[in-house]
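The values are calculated or read from the model by the stated rules, or taken from the named source; none is laboratory data. Only a predicted model underlies this, so the values are computations on that prediction, with no experimental measurement involved. When we count neighbours, we look across all protein chains shown, and the Cβ atoms used for this are built from the backbone with ideal geometry, even at glycine. Areas reflect the complete protein model, heavy atoms only, side chains present, ligands, DNA and RNA absent. Shrake-Rupley method; radii C 1.70, N 1.55, O 1.52, S 1.80 Å.
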Amino acid sequence: MSLLFLLLLLYGVVPGTQGLSLCGWRKQESGGNTMRYSNGSGEDTLTVVNTPEALFVLSPFLFSDDIILQSQPGLYVFCVHWIPALRVFNFTYGVTKSRSWNVPASLPTRSNLLQATPPSYTCNSSYMLINVTINGQPAANSCSFNFPLHVSDTDTKSVEHEILQVSDYLDKENFNGNGQDFRDWLETVLSKVTFSEDSHHFGKGSLQAAVYKMNSTDVLSSLPDRMGISLSFPNELLEKVDPGTRLHVVRIHDSGALFQDAVKSTVLESQVVGVTLEGTQVANLSEDIVITFHHHPLQVNTSPVCVFWDELSQNWRTDGCHTEPGDGYTDCRCNHLTYFALLMQMSSEVIPEVHLVSLSVLTFAGCSISAISCFFTIIWICCSRKMQSNPTLQIHVNLLGAVLLLDVSFILSAVLGALEERTVCISSAAALHFSLLCTFCWMAIEGYNLYRLVVKVFPASSVTTIKLALVGWGVPVLIVAVVMLIDSESYGVYNIAVERPSFRNSTASICWLREPIVRMFNLVICAAILLFNVCMMVAMTRRVLRLIPHTRAEKIRHCVTLLGLSCMLGLPWGLAFFTNGALYLPVQYLFTILNALQGLFIFLWYCALSQPSAKNQSHSSDCTSATPASPKADLSLSSDHKKLLG
């Protein structure tokens, strides 16, 4: 017969106390079918009193209620459960009655609580509570039991009983506990429990713990894997502690309540492993500890990432940890002690290491060349006499500035991502997000400017450059600021699945967006801008096709115009939507080359169209004097060249 329904650990009300499990049999008379539950007279005492009329449960907690028990007289088993690490009180009666209360973090004053004092009576054997156990130990039969809540037992049997109760409750669905209080309680219990041997193991199922006395190096080599994990420690660890200091090893099956970060990360098989030294923070070890997680084979396009729990930010972090996946297991190498887990990293494809190296070289080289090209193009345009009076030139300069910022911030994010410095990586990721948004905003403005000058031939003064600058730089600032205010942890280390010959699948890191919702929002913005610019490009292409070039040079010039416009409008970025399936790697290479060299392509385009054509050499004075403010109305493409270049 199942007697319990187990419950939730208390926080802060009675810190450091042991849990209470009081069970027994009650003989119910025909009228004794009520349980009355309210605050008791003692602040530190829980009282259970049986009378012919009712069963009273009195405690210092905020409850006041009557519960109708069974309707038929007879013997019924009951249990009162209180575990001071989970903040839930539970009462069961028979096999059908069960009631739980969540204990609030702060209790009201006693004057606000109702009193439910049992009436005076003489206890006799006819309604004694029989077969009573307190925390699993037999107790004398009586009509009344007082349990002092501030009594703290530190023997192994009491601790084992309490950990088993918590383990049973963690197996229940809809668990809603407080993770930090749970960890504080667990560390306190393991630090105070008394045992004579060098180590002791507690619990089973969802919560298991082992305590080791660090008396010699033999302790480090004797850690068992009975909890489903394997540990390897450096001898340096012994040098950091005094003899007899305790090492706590904990394995927790957590459904997400105890270790839930802001982005609701998925922990692989809900396994969390805690490795801590009593009263000592261990960090920056010269030799890593190795935690081996055993798990089922992973699904396609997923990879594990070793993380640790940061109490300050209440989030999973990767600083100081490296992932080495294997076949059915993953090794986490970390230079500190705390709670560890494996997070599932979803990846559209796994990049082989040799291709990752090639793509990285292409990206770094391309971004460097692009940044230099943008810088010199900006200098070139700024030295032009038409710069101050020509809005099109000013738009070009802003786009080149955004591309330059994007190139530099991407290189920094890739370097800082490998270092995995959390605060610096958050700033770098925010800068990369800002520069990417700026680049797309200015590419959208280039598309709008193309529509204004070539398609509809609006006056250039209808929209000022200052207004466009507020959009091109202001909107990205606003988006990044909102993301930072809502949750700065949306930025940080982003892991990319990599297939390494030595370690099978592993990861590479970059400072970027970690929150999938924000990445999706970012993708929607980019897709909308690209769609708009594709429409502008189609309009320009139709205009070119209406012309009948007379020379090979004019044909080449027309093609250069369209190719350059595609870079100005960012159309190669559309390849990002095709980086899946069999063409994943070829498209990745094409995407990397075209977009990493965007600044160079704009520079070459500007150089090519700045040279007057053979046909218009005699009219070079007109070519240099034309501005977008006064576009020609004819259909010659040379006029469009002048408008686009300013």
Solvent accessible area, Å² - residue 96, 1.4 Å probe, full protein context: 100
Solvent-accessible surface (1.4 angstrom probe) belonging to residue 379, in square angstrom, nearest 10: 80
Hz values of 3J(HN,Hα) by residue in the range 135-148 - Karplus curve (6.51, -1.76, 1.60), Gly and Pro given as x: 6, x, 9, x, 10, 5, 5, 6, 8, 9, 9, 10, 10, x
Cross-link pairs 97/157; 27/204; 157/213; 97/264; 192/213; 157/192 - those with Cα-Cα distance over 23 Å: 97/157; 27/204; 97/264
Pair residue 353, residue 242: separation of 7 Å Cα→Cβ label points (nm): 4.5
Euclidean distance of C-alpha centroids, the range 289-322 and the range 513-549, integer Å: 38
Paramagnetic reach from residue 191 in the range 197-214 [backbone N under 20 Å; point 7 Å along Cα→Cβ]: 199-202, 208-214
